[in-house]
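Written below as structure tokens is the structure these notes are about.
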Amino acid sequence: NYKVRYWDPAWKEIVHSYLDRIVSQGFFGIYLDIVDAFEYWSDPRNGEPLHLTEGDAASRMIRFVEEIARYCRVSLGRPDFYIIPQNGERILDYDDGSLLDTISGIGIEDLFYNELDPIPQEETSYRIGYLERVRKAGKPVFVVDYVDDGSGYTGPNRARIDSFLEQCRTRGYIPYAAVSDRSLDELNVIPGVQP
């Protein structure tokens, strides 16, 4: 969860060493968190001695994701390797189509709920505008909302989970109702609802 200088060659070497291990262990893809770091590096209030224009920061992130894909798919010989960025969907404002061609789908958190509280419709609609570009490109949209308070699949907890699942499925998104503590340290199985 650190905002690294993702364009730095030394950082890229570190990432390549991890990718070598990931691929050698037989994994079929990676889930890239903090793609939205481009927003951090373009914020003049980030507390860093450096900030970029948002377009430059986004372009550097797009190139980095594309380099990761090329490294896995070409250099490591895994042409079908999945590349799934998480969040940061606004980066598509700066994409000429190459990023959308490169990624295998997108993962999103907190689309309909901020833990147990509904997110304002205008914020959700704004984000859905980007997600529809991914979906229309034939790529899956995975949504994780932390809507299960752990009290069991009954009452208000059930209503919230069902609402989240329905909103995702109606749009053709693949939902995962996670536990609201955000720990993601176990699979949240809801019998008959979420295997």
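The values are calculated or read from the model by the stated rules, or taken from the named source; none is laboratory data. These numbers come from a predicted model, not from an experiment. Every residue, glycine among them, receives a Cβ derived from its backbone with ideal geometry; neighbour counts consider all protein chains shown. Note: accessible area is taken over every heavy atom of the protein model, side chains too, but ligands, DNA and RNA are not part of it. Shrake-Rupley method; radii C 1.70, N 1.55, O 1.52, S 1.80 Å.
Within segment 150-174, the set of residues being more than 15 Å from G192 (Cα to Cα) and surrounded by 15 or more Cβ atoms within 10 Å (Cβ to Cβ) comprises N157, R160, S163, F164, Q167, C168, R171, Y173. Restricted to segment 76-101, and to residues there that are outside any strand (DSSP E or B) and within 20 Å of S24 (Cβ to Cβ), the residue that is least open to solvent (accessible area, probe 1.4 Å) is F81. Evaluate the following for F38: is it at pLDDT 95 or above and either over 21 Å from P9 (Cβ atoms) or of a type in the set (D, E, K, R) (or both)? Criteria not met by F38.
Contact map, segment 73-90: first residue among the β-branched types (V, I, T), second residue in a loop (DSSP other than H, G, I, E, B), Cβ cut-off under 8 Å, separation 6 or more or different chains; pairs are I83/I103; I83/S104; I84/I103; I84/S104; I84/G105.
Would you confirm, using the coordinates I've provided, whether Y82 is more than 28 Å from P175 (Cα to Cα) and of a type in the set (F, W, Y)? For Y82, the condition - more than 28 Å from P175 (Cα to Cα) and of a type in the set (F, W, Y) - is not met.
Which of the following residues is out of contact with any Gly (no Cβ under 8 Å at 6 or more places or on another chain) and of a type in the set (F, W, Y): F28, F38? Going through F28, F38 in turn, the sole match is F28. As a summary of the residue check, V147 satisfies the conditions (1) open to solvent by less than 30 Å² (accessible area, probe 1.4 Å); (2) in contact with an Asp or Glu (Cβ under 6 Å, 6 or more places away or on another chain); (3) of a type in the set (V, I, T) except for the one numbered (2).
Each residue in segment 104-136 was checked for being open to solvent by less than 70 Å² (accessible area, probe 1.4 Å) and farther than 15 Å from I174 by Cβ, and 11 pass. The set of residues in segment 85-118 that are over 13 Å from the mean Cα position of the chain (by Cα) and within 10 Å of V35 (Cβ to Cβ) contains only L99. Among residues of segment 1-26 that are over 24 Å from E39 (Cβ atoms) and modelled with pLDDT of 95 or more, those with a Cβ under 8 angstrom from a residue that is charged (D, E, K, R) and in a loop (DSSP other than H, G, I, E, B), sequence gap 6+ or separate chain, pair up as V23/R78.
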